[in-house]
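Below: the structure, in structure tokens.
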Ligand code: NAD
């Protein structure tokens, strides 16, 4: 029996529409092979939405997203909108989308594809085989804790304050996402905190430790964040799934991403308690190459694979797409950003065609 899914597409700005078009073709092909039907609905977000409606996330776009099973976002922003006041900036739309859909968990894989080992700034023996998933808490911690602000003290000196705070419930819900993610991977979860110094981290460690009882098939370990940063560049292969708070996750997920050396290859997922997740590449809208058929569509295509795996529970379809990406890289196809000597240069469309061929 055919399974149907409603998917909202947010192509956004810059290279967004190009990489999205290619990705939709890839999804349709996989869908027809596995009896999955994708009903795509396109909506405005980012600079294009500002131009058309004056706001980066129009209310009907958010409503369309809410009504769907998953949201596939490309990238937003560009020079044209950089000077607008903050509330009208494309990035404000992204924060509003996260808030509007209650997306508290951010999943960012850092996988070194064997064909691209040389793109990493670290030695081959250190990065070969790295396959890490960073699960970052996205809506709590020091970015949102109260009190926050710059206050004047009695002596007239200014004092900047941000508060790192987590409640039991906030730790538990991100913890459950992380344990479930580890279950779908190699079954190892490392929780990163600063429990030797921060009370909020002590609570974090206590709650994550307590949750482990419900996930007997996952091996849990803990690291302090300073040590985790060191271990990530010393011997990244020791990690499978990492779970951490908003601030530590912001930093560690970028560090982990850089192990791969290629921004055009990295997907991400943002998930809520229920309702649709948002799946998008880590890179931006690359206005410098927009409209020139130069963009690498693989991060977007791999975001669609993440959507199938984590948003729509279709691991077979996700595996198929990931295998096709591997195959075209094996065949030597490269867009400009990952080009190397002896490889076959292709544009965005050409890379898409190669993926379609690999799937066939
Ligand atoms: P960027 O990621 O757009 O580009 C950085 C560099 O990487 C550029 O040289 C670009 O050409 C290249 N690049 C990025 N993606 C690529 C791809 N798929 N294929 C080939 N090359 C690629 O970052 P930036 O230049 O700092 O930002 C450009 C715009 O994107 C800004 O308006 C920024 O605010 C926005 N942005 C949006 C998101 C998002 O939508 N989530 C994230 C980051 C930046």
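Points to keep in mind about this one:
- Förster radius 41 Å - calculated FRET efficiency between residue 230 and residue 155, Cβ distance, rounded to 0.05: 0.60
- Pairwise centroid distance, computed over Cα atoms, of segment 157-175 with segment 254-302, Å: 28 Å
- Ordering 336-344, 145-153, 261-269 by mean Cβ neighbour count within 10 Å, with the highest value first, yields 261-269, 336-344, 145-153.
- Considering only segment 110-261, percent of DSSP beta bridges that pair antiparallel, nearest 5: 35 percent
- Sorting 333, 143 by the number of Cβ atoms found within 10 Å of their own Cβ, with the fewest placed first, yields 143, 333.
- Annotation for segment 186-230 versus segment 65-123: alpha-carbon center distance of 26 Å.
- Each of residue 353 and residue 313 was given a label point 7 Å from its Cα along the Cα-to-Cβ line. The distance between the two points is 3.9 nm.
- FRET efficiency estimate (nearest 0.05) - Cβ-Cβ, residue 323 to residue 79, R0 30 angstrom: 0.20
- Highest mean first, the peptides 132-140, 119-127, 2-10 sorted by other C-beta atoms within 10 Å per residue fall in the order 132-140, 2-10, 119-127.
- Helix content alone sets the calculated 222 nm mean residue ellipticity of the chain: runs of n ≥ 4 DSSP H residues at -39500 (n - 2.57) each, divided across all residues, give -12000 deg cm²/dmol.
- Each of the peptides 207-218, 240-251 was scored by the mean count of other Cβ atoms within 10 Å over its residues; in descending order, highest first, they stand as 240-251, 207-218.
- Extending 7 Å from Cα along the Cβ direction at residue 1 and again at residue 88 yields two label points whose distance is 5.1 nm.
- In this simple spin-label model, placing a label point 7 Å from the Cα along the Cα-to-Cβ direction at both residue 167 and residue 60 gives a separation of 3.6 nm.
- Prolate/oblate/rounded call for segment 253-347, Cα gyration tensor, a/c under 1.5 rounded: prolate
- Antiparallel bridges, percent of DSSP beta bridges restricted to the chain (to nearest 5): 40 percent
- Cα gyration tensor, segment 110-261 - rounded (a/c under 1.5), prolate or oblate: oblate
Coordinate-derived values only; no laboratory data. Since we're looking at a predicted model, the values are computed, not measured. We place every Cβ from the backbone using ideal geometry, glycine too, and count neighbours over all the protein chains shown.
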